[in-house]
Amino acid sequence: ILSLALQEPNFDWELKPGRPHQFDWKSSCETWSIAFSPDGSWFAWSQGHCIVKLIPWLLEEQFIPKGFEAKNRSSKNETKGQGSPKEKMLDCGQIVWGVAFSPWPSPPSKKLWAHNHPQVPDVFRLVLAMGLNDGQIKIWEVQTGLLLLNLSGHQDVVRDLSFTPSGSLILVSTSRDKTLRIWYLNKHSKQIQVLLGHLQWVYCCSISPDCSMLCSVAEEKSVFLWSMRSYTLIRKLEGHQSSVVSCESSPNSALLVTASYDTNVIMWDPYTSERMRSLHHTQVDPAMDDSNVHISSLRSVCFSPEGLYLATVADDRLLRIWALELKTPIAFAPVTNGLCCCTFFPHGGVIATEIRDGHIQFWTAPRVLSSLKHLCRKALQSFLTTYQVLALPIPKKMKETVFLEPFGMRY
């Protein structure tokens with residue numbers, strides 16, 4: 001079974017803010033936050049004016065969520081069945097910098113919200129966390145739109161948020177106060193740890209899918225790796241030449257990618273600190289010349305759901321798609337305004353990008369049929385570290401082929 005070649009992403013839908021943005025620093029900062037829920041049923045969009053819009057994501061092709069401007073499609077197709085989820089407007093009262101959905105709670109934690117809020121039915125709940133300009137974190141229940149919790153502790157803007165994928169309702173937050181904070185959203189909803197070490201604003205964090213490791217990046221060149229068991233610093237990764245602005249773990253926890261203002265994405269083995277590959281962003285259109293902007297400064301990087309591809313956005317107004325084993329992009333998509341962030345739909349086939357005028361653009365990309373070798377590698381790497389692979393009593397060639405080969409060469 002061979003992987004299918006990825007074609008050029010096609011522009012499909014667009015979401016526009018309900019009110020035009022005023023281009024001051026406050027409103028522009030509000031357009032940096034989008035997220036799909038882990039099951040793909042909801043889309044959250046910080047659309048400005050302290051408002052986050054929650055949109056039910058209807059997977060059937062004939063349905064288009066309200067607010068979409070669909071290319072070559074009639075708005076008459078917009079249909080909602082009786083009892084289907086409804087859009088929600090969540091007014092946070094503060095500029096929203098980061099949003100993150102929880103995974104679906106595991107059975108031991110399903111009564112959490114009923115204990116705190118007896119008026120809410122005792123069911124499995126999906127929640128949305130929002131990081132605000134004043135250092136507060138608000139936790140909302142998605143299905144009802146109820147505000148459940150206010151978390152206080154940060155002394156400055158909360159820039160990014162990440163829940164543990166295990167469903168334990170542990171939340172990590174990053175802030176301009178140069179700290180990361182760990183919150184346990186049980187019935188007491190308390191802060192359980194403050195991680196110190198960064199010397200500048202902390203931009204982004206990512207928890208590995210196996211919940212063993214936390215990565216954080218800041219307005220500095222080093223990448224920090226923390227233990228999610230002891231909440232201590234494991235190591236720093238050195239290799240970038242400027243501030244690191246984005247990071248993400250691969251779906252099988254075997255890789256870490258970081259994006260920097262130095263125009264490079266670096267792929268790391270987080271267990272050995274080995275630098276596996278660098279992806280350099282070069283200027284595609286020489287005619288683009290703006291002395292006020294580093295044309296290829298990166299803003300965001302994310303993995304595709306199956307872990308075979310990366311998407312990046314940069315200040316040259318291009319969405320790029322990369323195959324892990326290649327050094328050059330395999331696809332480009334031009335955008336009319338500066339890009340802030342990107343994320344894949346959890347089941348593949350769609351990439352969402354947010355641009356500086358507050359619009360959200362959705363790009364269709366073919367779903368990928370993974371090779372049998374990739375599926376084997378993904379399964380094995382989900383519970384074996386690089387060190388454990390190297391210690392296996394199997395031929396070296398098999399180790400390289402099955403476990404360590406996706407990059408062709410290692411740096």
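Bear in mind these aren't lab numbers, they're just calculated from the coordinates by the rules spelled out. Just so it is clear, the model here is predicted, and its values are computed rather than measured. Methodologically, a virtual Cβ is constructed for each residue, glycine included, from the backbone with ideal geometry; neighbour enumeration extends over all protein chains shown.
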| Distance in nm between label sites at Ile192 and Glu87, each 7 Å beyond Cα in the beta-carbon direction? | 3.8
| query | What is the spin-label model distance, in nm, from Arg229 to Thr282 if the labels are put 7 Å beyond Cα along the C-beta direction? | reply | 4.5
| task | Apply the Debye scattering formula to the range 166-259, with a single equal point scatterer on each alpha-carbon and no solvent, then give log10 I(q)/I(0) at q = 0.25 Å⁻¹. | result | -1.40
| query | Efficiency by 1/(1 + (r/R0)^6): what FRET value for Ser242 and Thr144, r their Cβ-Cβ distance, R0 = 60 Å, to the nearest 0.05? | reply | 0.90
| request: Compute the FRET efficiency between Lys16 and Gln388 as 1/(1 + (r/R0)^6), taking r as their Cβ-Cβ distance and R0 = 41 Å, and round to the nearest 0.05. | output: 0.25
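Which FRET efficiency value, to the nearest 0.05, do you get for Thr272 and Ser166 by plugging their Cβ-Cβ distance into 1/(1 + (r/R0)^6) with R0 = 22 Å?
Rounded to the nearest 0.05, the efficiency is 0.35.
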| query | Which value in nm describes the separation of the simple spin-label points at Ser212 and Ser152, placed 7 Å from the Cα toward the beta carbon? | reply | 3.9
